[in-house]
Amino acid sequence: MASFLADRRMSCLAHFLTVGLIALVIFEAFSFACWLLIPFFPSALNGDGKSIVSVVLDVETWLFYSLAVIVPVFVVLLLFSWILWSVKAILRLTGRSARFYMGASRKRMNVDGFFVGLHSRLESAFDSASWSRRRSVLVLALSCALASFLAAYPYLPSLNPSGRFVGVDIPYYANLWLPHSHKTLVKCLT
């Protein structure tokens, strides 16, 4: 009976977390669209702060700053995640499988199966037979277009009407490159 209740609680918790994460992803996608479209439609952001766009962006900013407290912990975990891979490799060399016990029902979770499945999915995603030249060119073109857009985005007139530099290193590069702007590329490099 206790095992059934523990499984039921874990199932409810998993369902709750899944629904919560889906709602958060939808909210963040809408927030991203708002941030992306504000320069093109500045009238959507009213000065009184009562428009739906203003409320969404305020809540998104609050979420960003409230979650910023735990980000260093996750960064440290990410930086040292290579240790898990090393332990897995050592266990494989010694002939043992990496198994962890979870919950009151002592269910086993096979870590080796997870890594094998992850490896096969990544291998099939980047398989050269399914990855055509056209797809490679398309990904490269989209990446270049996105990089150009992200570099120009802070300088859009609706976001930055005075055309001020964004970032601390831009004035250094401007002072370095603008005097040479009338020269050809070959003369600039020599």
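None of the figures in this text is laboratory data; all of them are computed from the coordinates on show. What you see is a predicted model; the values in this text were computed from it and never measured. Every residue, glycine among them, receives a Cβ derived from its backbone with ideal geometry; neighbour counts consider all protein chains shown.
With the crude spin-label approximation of a point 7 Å out along Cα→Cβ, what separation in nm comes out for Ser51 versus Arg164?
Those two pseudo-labels are separated by 2.2 nm.
When a/c reaches 1.5 or more, the comparison of a/b and b/c decides; with that in mind, is segment 134-185 rounded, prolate or oblate per its Cα gyration tensor?
Working: a/c = 2.80, a/b = 1.44, b/c = 1.94.
Oblate, because a/c is 1.5 or more while a/b does not exceed b/c.
What FRET efficiency, computed as 1/(1 + (r/R0)^6) with R0 = 22 Å and r the Cβ-Cβ distance, is obtained for Leu17 and Phe80, rounded to the nearest 0.05?
Numbers: r = 24 Å, r/R0 = 1.11.
The pair Leu17/Phe80 has a calculated efficiency of 0.35.
Work out from phi, with θ = phi - 60° and the Karplus expression 6.51 cos²θ - 1.76 cosθ + 1.60, the ³J(HN,Hα) of each residue of segment 58-64, listed in order in whole Hz, and give x for Gly and Pro.
For segment 58-64, the Karplus curve yields 5, 5, 5, 5, 4, 4, 4 Hz.
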